[in-house]
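Here's the structure, in structure tokens; my notes come after.
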Amino acid sequence: MLAPWLIPLDTIVEGNSAVLNGNTPMFLAIHCAAIAVNLASVASSFLVALHVLGFARIPQWILPTAGVSVVPRHGLMHHDISTRLSFYLAVASMVFSGWHTLDHLYLVAYQRIPPRSISVPLGIVQGVSFGYQQLLSFCASAYTYVLVCRGKRIPLGRYDWKLHFYCLLNIAVCLAITVSLDGYGFSGYYCLWNIHSPGGAVSLCFGVALSLVNALSTIIGLAHVRRAVRAAAATIQKPRQFESARLQVASRCLVGMINVAAFLHMPRAATLVLVAGFHLAGYLEPVSILFVSLSANSAGLADALVYLHNQRIKAQAAVYGAGRSTGVLGNTTAQLPLNEGQSTTDSNFWND
């Protein structure tokens, strides 16, 4: 019954029609949906990056601050780790979604399977940027767990070089193995793994394993972090416990990030397992490809929404902090750095 719906891998040949099995509705659904979500991710990630660097403001109707004058701060390292992680994820999303948009536009425009000179470079860029996104998300979950549940900080070094070194080292190892096995190329509806080589199967399995580890670690860590945050919230009742309240704000910001990570990673991991299963059986199944494409391409948009959510939390904390110094909560014109979520008298808000 499923045979007419499945696409044999040996029919996907360079130069042939990209409208696989002649299924035009599915071809348009996958590519048009991916292009729309990718463009939204690129735009939202770009705005996040501009705001973090202090070159843009969030409109008052999006981020009401109850009379607090919000001042973006220039310089990435002036921000706390939740904001810096949002910036790194935004940059990775811009690269991945930008190149992925070109990938889908090429296939819609020419409707032909691209040559290796196009599919391999696109596959490498998208594989590296996707892997970097996944590893950053995993590190955010691990950092949150260690900080909130264990009460310890992980020193990341100047410009968070240890974080980037860990991510890039893992990506370099995977990249070297996959390139040596000819693992990058055309994947059926986009360019990522080579469907005609054993290295392509290895590349796909790398992606599946990374997504599964990310999903499971995020879900397990999230359960522990939520319990710790609820326990901490129960103790924050008096003004003298304001230091604990600030830690609670920081924790809530990272919890928001891993909440969205869990929401994206679980369905993506499940559908990637299906894609890999069909691939190893010699077929391509378009519905699972559609779900993987949507979940992977929407990461930038989802991360931007989390960033806005975190700015609301920090703005509310800024109102409270400024109110403490004036005796009138929520009614002050103190100049507060939004991305730090602190008043001008609080100089060390949870920075690494």
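Values computed for the structure shown
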{"item": "Those residues of the range 140-159 which are touching a helix residue (DSSP H, G or I) at 6+ places or on another chain (Cβ under 6 Å) and assigned to a helix (DSSP H, G or I), in sequence order", "result": "Ala140, Ser141, Thr144, Tyr145, Val148, Cys149"}
{"item": "Filter result for Ile113 (crowded, with 16+ Cβ neighbours inside 10 Å and over 20 Å from Ser82 (Cα atoms))", "result": "yes"}
{"item": "Test set (1) outside any helix (DSSP H, G or I); (2) open to solvent by 50 Å² or more (accessible area, probe 1.4 Å) - Phe165 fails condition number", "result": "(1)"}
{"item": "Test: residue in the range 117-128 that is within 22 Å of Ser298 (Cα to Cα), part of a helix (DSSP H, G or I), touching a residue at least 24 places away in the same chain (Cβ under 8 Å) and touching a His at 6+ places or on another chain (Cβ under 8 Å)", "result": "yes"}
{"item": "The range 220-237, subset closer than 11 Å to Thr144 by Cα and open to solvent by 40 Å² or more (accessible area, probe 1.4 Å), residue modelled with the lowest pLDDT", "result": "Arg226"}
{"item": "Test result for Ser119, of a type outside the set (A, V, I, L, M, F, W, C) and modelled with pLDDT under 90", "result": "no"}
{"item": "Cross-chain or 6+ apart pairs with Cβ under 7 Å, the range 65-86 first and in a helix (DSSP H, G or I), then at pLDDT below 55 and open to solvent by less than 40 Å² (accessible area, probe 1.4 Å)", "result": "Thr83/Asn339"}
{"item": "Any chance Arg153 is in contact (Cβ under 8 Å) with a residue 12 or more places away in the chain, open to solvent by 60 Å² or more (accessible area, probe 1.4 Å), within 26 Å of Leu28 (Cβ to Cβ) and charged (D, E, K, R)", "result": "no"}
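This table checks each residue for (1) closer than 21 Å to His100 by Cβ; (2) open to solvent by 10 Å² or more (accessible area, probe 1.4 Å); (3) at pLDDT below 85.
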| position | (1), (2), (3) |
| --- | --- |
| Phe186 | yes, yes, no |
| Pro198 | no, yes, no |
| Val208 | yes, yes, no |
| Thr218 | no, no, yes |
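Matching residues to (1) in contact with a Pro (Cβ under 8 Å, 6 or more places away or on another chain); (2) open to solvent by less than 30 Å² (accessible area, probe 1.4 Å):
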position	(1), (2)
Asp10	no, no
Gly15	yes, no
Gly22	no, no
Leu28	no, no
Ala34	no, yes
Val37	no, no
Ala40	no, no
Ala43	no, no
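Results for (1) at pLDDT 80 or above; (2) touching an Asp or Glu at 6+ places or on another chain (Cβ under 6 Å); (3) open to solvent by 50 Å² or more (accessible area, probe 1.4 Å), shown as yes or no for each residue.
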site	(1), (2), (3)
Ala3	no, no, yes
Leu47	yes, no, yes
Thr65	no, no, no
Pro72	no, no, no
Gly75	no, no, no
Ile81	yes, yes, no
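The values are calculated or read from the model by the stated rules, or taken from the named source; none is laboratory data. Not measured: the values here are computed from a predicted model. Please note: Cβ atoms are built from the backbone with ideal geometry, for glycine as well, and neighbour counts cover all protein chains shown. Remember, those area values only see protein heavy atoms, side chains included, never the ligands or the DNA or RNA. Shrake-Rupley method; radii C 1.70, N 1.55, O 1.52, S 1.80 Å.
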